[in-house]
Amino acid sequence: MSIFNKFIIIILPLLPKFFVKLFSSRYVAGNNFKQALKTVKKLNLDGQSATLDILGEHTLGKNNARDITEKYISLVKYIESNKADCNLSIKPSHIGLDIDYSLALINYTSIIKEAEKFNNFIRLDMESSKATDPTIRLYKELKEQYENVGIVIQAYLKRSEQDILNLPKNSNIRICKGIYNENENISFKTYEEINENFLRLLKICFDKNFYVAIATHDILLINSCLKLINEYNAKSEMFEFQYLLGVPMDNAINNFKIKNYKVRSYVPFGKDWYDYSIRRIKENPKIGTYVLKNLLHK
Ligand SMILES: Cc1cc2nc3c(=O)[nH]c(=O)nc-3n(C[C@H](O)[C@H](O)[C@H](O)COP(=O)(O)OP(=O)(O)OC[C@H]3O[C@@H](n4cnc5c(N)ncnc54)[C@H](O)[C@@H]3O)c2cc1C
């Protein structure tokens, strides 16, 4: 990374929030249900599915966690009444995992039950390694009762191969590289190791006949996944490709469409847009020119 890009990453959090908001809008679909649904409908018209995430994490207080759970329940109803092709991705700590395991279980259960009425689906996002065990336990308990639930497995964690092998039958998994800064004792650190593990995990999903969401923007990795899909003769109803809203993926998406492969955009929205936007902006390889261009044009 150039010195200029490193400099931008350092000064980014020092910029006033309204500045950051100017160039975060591509990654976040507004503040409320209405704005989020507008983005989802646009994606649907383009032949893409979506998964909505209300931004926020590490909620403190049982009442707050319950309020957020109620919001998710209303969102399930809102998606249904608007006939949108869209499911939900929810961070365990957003609805109570940091407070109490059983609170998170109760809250997920009420959202999943509501989604089940409308044939909709809830995925448990995966947070840092502190949350891996309880998140897998939540998933396994929920999966015993409900079909419409899925989990995320991170390719950078060394434990993930074993975790995926121990998941229940008919599991629904999103594989991603992993976003948190983990210790080298427990995680792969090089690009090659992480990508190798990603492909290893994908093979296990195909072997075990799990539904798998392939979530990456890495074009080399996507090409290796496409090769595996061919080798395994994987049925297109058993996998989908996912990407984060705002990351430029037009060529890859067109390629998926030509092949008739399902594509889903991860669409975050809500008042807690700041931390998420900073993470995304920092991941943009053209961060320097991107920030400068926005500063000059707005
Ligand atoms: C749908 C989805 C859901 C996810 N859910 C989780 C989760 O539950 N838990 C978790 O830990 N992580 C999650 N992630 C994040 C993931 O773990 C990675 O941190 C993130 O996707 C970057 O890795 P990459 O696979 O795109 O590969 P990288 O090697 O990091 O990036 C590949 C290329 O993508 C491009 N790119 C990436 N980001 C941007 C950007 N912001 N702007 C422009 N170009 C960009 C760059 O050209 C880069 O070279 C999710 C990612 C996706 C796509």
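The values are calculated or read from the model by the stated rules, or taken from the named source; none is laboratory data. Please read all numbers here as calculations on a predicted model, not as lab measurements. Because the Cβ atoms are built from the backbone with ideal geometry, glycine has one as well, and the counts that use them run over all protein chains shown. Keep in mind that these areas ignore ligands, DNA and RNA; they rest on the heavy atoms of the full protein, side chains included. Shrake-Rupley method; radii C 1.70, N 1.55, O 1.52, S 1.80 Å.
Assorted remarks:
- Extreme residue, nearest to Ala50 (Cα to Cα), among residues of segment 250-274 that are charged (D, E, K, R) and touching a residue at least 60 places away in the same chain (Cβ under 8 Å): Arg264
- Filter pass, Lys77 being open to solvent by 20 Å² or more (accessible area, probe 1.4 Å) and part of a helix (DSSP H, G or I): yes
- Hey, Lys271 modelled with pLDDT under 95, part of a loop (DSSP other than H, G, I, E, B) and either closer than 30 Å to Phe33 by Cβ or away from the ligand (no atom under 12 Å from the Cβ) (or both) or not: yes
- Unmet requirement for Glu161, which otherwise passes all of (1) open to solvent by 30 Å² or more (accessible area, probe 1.4 Å); (2) within 12 Å of the ligand (Cβ to nearest atom); (3) touching a residue at least 24 places away in the same chain (Cβ under 8 Å); (4) of a type in the set (Asp, Glu): (2)
- Applying the criterion of being more than 16 Å from Phe210 (Cα to Cα), more than 14 Å from the ligand (Cβ to nearest atom) and not charged (D, E, K, R) to the residues of segment 135-158, the residue that is least open to solvent (accessible area, probe 1.4 Å) is Leu142.
- All conditions in (1) open to solvent by less than 70 Å² (accessible area, probe 1.4 Å); (2) free of Cβ contacts under 8 Å to residues at least 24 places away in the same chain hold for Ile3, with the sole exception of (1).
- Qualifying residue in segment 225-241 (condition: part of a helix (DSSP H, G or I), closer than 16 Å to Gln48 by Cβ and open to solvent by 40 Å² or more (accessible area, probe 1.4 Å)): yes
- Residues located in segment 1-60, provided they are over 19 Å from Ile278 (Cα atoms), charged (D, E, K, R) and not in a helix (DSSP H, G or I): Asp46
- Output for segment 243-270, where each listed residue is charged (D, E, K, R) and under 15 Å from Arg26 (Cα atoms): Asp250
- Among residues of segment 206-224, those that are open to solvent by 10 Å² or more (accessible area, probe 1.4 Å), part of a helix (DSSP H, G or I) and not polar (S, T, N, Q), counted: 4
- The residue pairs whose first member lies in segment 192-219 and is more than 11 Å from Ile164 (Cα to Cα) and more than 9 Å from the ligand (Cβ to nearest atom), whose second member is open to solvent by 20 Å² or more (accessible area, probe 1.4 Å) and in a strand (DSSP E or B), and whose beta carbons are closer than 7 Å, counting only pairs six or more residues apart or on different chains, are Tyr211/Asn172.
- Number of the exception - Tyr27 against (1) touching a residue at least 40 places away in the same chain (Cβ under 8 Å); (2) open to solvent by 60 Å² or more (accessible area, probe 1.4 Å): (2)
- Selection of segment 51-67 for residues being surrounded by 15 or more Cβ atoms within 10 Å (Cβ to Cβ) and under 18 Å from the mean Cα position of the chain (by Cα) yields Thr51, Leu52, Asp53, Ile54, Leu55, Gly56, Glu57.
- Number of the exception - Asn185 against (1) in contact with a Ser or Thr (Cβ under 9 Å, 6 or more places away or on another chain); (2) away from the ligand (no atom under 14 Å from the Cβ): (1)
- Every pair of residues 6+ apart whose Cβ atoms lie under 9 Å, when the first sits in segment 38-63 and is free of Cβ contacts under 8 Å to residues at least 40 places away in the same chain and within 12 Å of Leu245 (Cα to Cα) while the second is away from the ligand (no atom under 14 Å from the Cβ) and among the hydrophobic types (A, V, I, L, M, F, W, C): none
- Applying the criterion of being under 20 Å from Tyr180 (Cβ atoms) and more than 10 Å from the ligand (Cβ to nearest atom) to the residues of segment 274-290, the residue that is surrounded by the most Cβ atoms within 10 Å (Cβ to Cβ) is Tyr276.
- Filtered residues of segment 84-134 (kept if over 20 Å from Asn64 (Cα atoms), of a type in the set (Ser, Thr, Tyr) and open to solvent by less than 10 Å² (accessible area, probe 1.4 Å)): Thr132
- The residue of segment 247-263 that is farthest from the ligand (Cβ to nearest atom), among those that are open to solvent by 20 Å² or more (accessible area, probe 1.4 Å) and within 22 Å of Val152 (Cβ to Cβ), is Tyr261.
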